[in-house]
Structures are given as C-alpha cells and as structure tokens.
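See structure below.
The values are calculated or read from the model by the stated rules, or taken from the named source; none is laboratory data. On a predicted model such as this, the values are computed, not experimentally measured, just so you know. Here the Cβ positions follow ideal geometry from the backbone for every residue, glycine too, while neighbour counts run over all protein chains shown.
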Amino acid sequence: MSKIGIIGAMELEVESHKAQMTVTNTTTRANMEFYEGVLGSANVVVVRCGIGKVNAAIGAQILCDCFGVTHIVNTGIAGSLCAEQNIGDMVVSSDVWHHDFDCMAFGYPMCRIPGMPQSFAADENMIALARQAAEQTGSAVRIGRIASGDQFVADQKLKDQIIERTQALCTEMEGAAIAQTAYRNGIPFVILRCISDKADNSAEMDYPSFEAMAAQRCAQVAIALANALN
Ligand code: ADE
C-alpha cells in the first residue's frame with residue numbers, strides 16, 4: 001500500500017493539505033511537524049519543512065527514515081523562467097537541477113554535484129498522474145526541468161543566468177534537495193509547482209498577491225494525485 005510523503009516549504013503551501021486530510025497522528029522531528037493521516041483515499045504524511053534546500057533535505061530524509069514513505073511529492077510555488085508561461089500555470093518536473101551548485105574549480109560542469117547525476121529524474125508514472133491531476137484545474141500545465149537554489153530570484157540578470165545554465169521552466173528553493181534525497185533513498189518523486197511570479201524585477205511585487213492562489217491550486221492537484229497514486 002502506498003504512503004505518500006507530501007512536502008511544502010511554507011505554512012501557506014501545506015495548510016490546504018492539512019485542511020483537506022484527516023490527521024491521525026502528529027509528530028515533531030528536527031523541529032518540523034509531520035502530519036500522518038488520510039487525504040482523499042490515500043495514506044499521507046504532510047510536512048512543512050521550511051524554506052531552502054537544507055530544510056527540504058532534512059524533511060525528506062525524515063519522511064524516508066521515520067515514516068517509510070513509498071512516494072514523495074513536493075508542492076509549492078515557483079518563479080517562471082519561460083516567457084510563454086503565466087502566473088497560475090503549473091509545472092510538473094521531468095527532472096530537477098541545483099542551479100547554484102559550483103564545483104567548476106575541479107573540472108565539473110556548473111550545477112553538477114560530484115558523485116551524483118547532473119539531473120535528478122522524476123518518476124514517469126508520477127509525472128503522468130501529476131499532469132492529469134494538474135490539467136483538471138484548468139491551468140496550463142508544462143512538463144519540464146525545475147531549477148532549485150538557495151536564492152529567491154528577483155533579478156533579470158540572475159534569471160537569465162539560471163536559464164542559460166539549466167534551460168529550466170521555473171525556479172524554486174527546495175525541489176532539487178528533495179529530488180536528491182529521494183534519489184539516494186531509491187524513492188520515486190515528483191515536484192509540482194504553480195507559478196507565482198516571473199523571477200525578474202517584478203517578482204517581489206507579484207509574489208504576495210499570487211502566492212495564495214498558486215498554493216491553493218497546488219493543494220487541489222495534490223489531493224487528486226494522492227488518490228491516483230493510491
Ligand atoms: N518561489 C516562488 N517564486 C520564486 C522565485 N522567484 N525564486 C525562488 N523561489 C521562488
């Protein structure tokens with residue numbers, strides 16, 4: 001039987017999951033609260049890990065070690081790196097890169113962690129199910145690369161640099177750490193993001209007005225995905 005770990009960075013990104021599920025147990029580990037219960041027809045564990053890649057990796061590893069999850073889903077918001085993409089559109093990860101990892105001094109390409117693949121590939125079945133679930137919201141849905149880094153991107157130059165390095169569709173701050181943790185533990189994953197801003201000089205202005213809508217849209221998809229995975 002499936003047990004789906006659902007990770008969001010911010011309270012806004014997990015509050016709708018929590019509101020829609022029946023919580024049977026709450027546990028605190030590493031100062032993070034893990035909510036076990038049933039979402040739709042699926043057994044789930046929901047955690048708000050906090051912002052950034054270190055928090056995300058800690059949360060994901062605890063899901064593997066202490067809760068025995070069979071799948072990992074990361075939902076949340078993201079900045080767009082693609083001109084055709086609008087606020088409210090959704091991205092399902094084909095694969096995930098760390099856009100800020102730099103061991104070039106040792107001959108590695110930018111974004112490459114020694115001993116790790118360049119790219120962390122999401123699970124094909126989860127991609128297909130996430131796409132179907134996302135399309136039910138009526139949003140435009142794209143499948144493609146997601147680039148993660150410990151930076152809120154709100155600058156055109158930085159945005160252009162990340163696009164050149166990764167050719168990703170969107171950027172956020174946790175996905176690659178969750179993907180890397182899933183990879184190390186042999187657990188299938190997918191990252192599902194809704195665009196809240198354009199990751200350029202308008203990002204700081206866009207973000208507060210659209211983050212709630214984007215987070216809500218992700219929650220809607222998460223429940224459909226959890227049901228489909230069960
Ligand atoms: N999450 C939402 N928007 C983002 C941005 N512009 N940069 C990084 N993470 C984000």
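If we keep just the residues of region 180-204 that are under 19 Å from ALA56 (Cα atoms) and of a type in the set (D, E, K, R), which is surrounded by the fewest Cβ atoms within 10 Å (Cβ to Cβ)?
ARG184
Would you mention how many residues in region 44-60 are in contact with a helix residue (DSSP H, G or I) (Cβ under 6 Å, 6 or more places away or on another chain) and closer than 20 Å to TRP97 by Cβ?
Of the residues in region 44-60, 5 are in contact with a helix residue (DSSP H, G or I) (Cβ under 6 Å, 6 or more places away or on another chain) and closer than 20 Å to TRP97 by Cβ.
What's the number of the only condition in (1) within 16 Å of the ligand (Cβ to nearest atom); (2) touching a His at 6+ places or on another chain (Cβ under 9 Å) that LEU39 fails to meet?
(1)
Of all residues in region 112-140 being out of contact with any strand residue (DSSP E or B) (no Cβ under 8 Å at 6 or more places or on another chain) and free of Cβ contacts under 8 Å to residues at least 40 places away in the same chain, which is nearest to PRO188 (Cα to Cα)?
Taking the candidates together, the pick is GLU124.
Would you confirm whether or not region 191-208 contains a residue that is under 29 Å from LEU39 (Cβ atoms) and more than 16 Å from the ligand (Cβ to nearest atom)?
Checked region 191-208: no residue is under 29 Å from LEU39 (Cβ atoms) and more than 16 Å from the ligand (Cβ to nearest atom).
Scan (1) among the aliphatic types (A, V, I, L, M); (2) away from the ligand (no atom under 16 Å from the Cβ); (3) without any contact (Cβ under 8 Å) to a residue 40 or more places away in the chain for the single condition ALA182 breaks and write down its number.
Answer for ALA182: the failing condition is (3).
Name the residue, out of GLU36, GLU15, that is at pLDDT below 95 and surrounded by fewer than 23 Cβ atoms within 10 Å (Cβ to Cβ).
Selected residue: GLU15, the only one of GLU36, GLU15 that is at pLDDT below 95 and surrounded by fewer than 23 Cβ atoms within 10 Å (Cβ to Cβ).
Results for (1) of a type outside the set (Val, Ile, Thr); (2) over 22 Å from CYS49 (Cα atoms); (3) in contact with a Phe, Trp or Tyr (Cβ under 6 Å, 6 or more places away or on another chain), shown as yes or no for each residue.
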site: ASP89; (1), (2), (3): yes, yes, no
site: HIS98; (1), (2), (3): yes, no, no
site: TYR108; (1), (2), (3): yes, yes, no
site: ALA121; (1), (2), (3): yes, no, no
site: ALA130; (1), (2), (3): yes, no, no
site: ALA133; (1), (2), (3): yes, yes, no
site: GLY138; (1), (2), (3): yes, yes, no
site: THR166; (1), (2), (3): no, yes, yes
site: GLU174; (1), (2), (3): yes, no, no
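Among the residues of region 123-179, write down those that are more than 16 Å from the ligand (Cβ to nearest atom) and buried (at least 24 other Cβ atoms within 10 Å of the Cβ).
Within region 123-179, ALA130, ALA134 meet the criteria.
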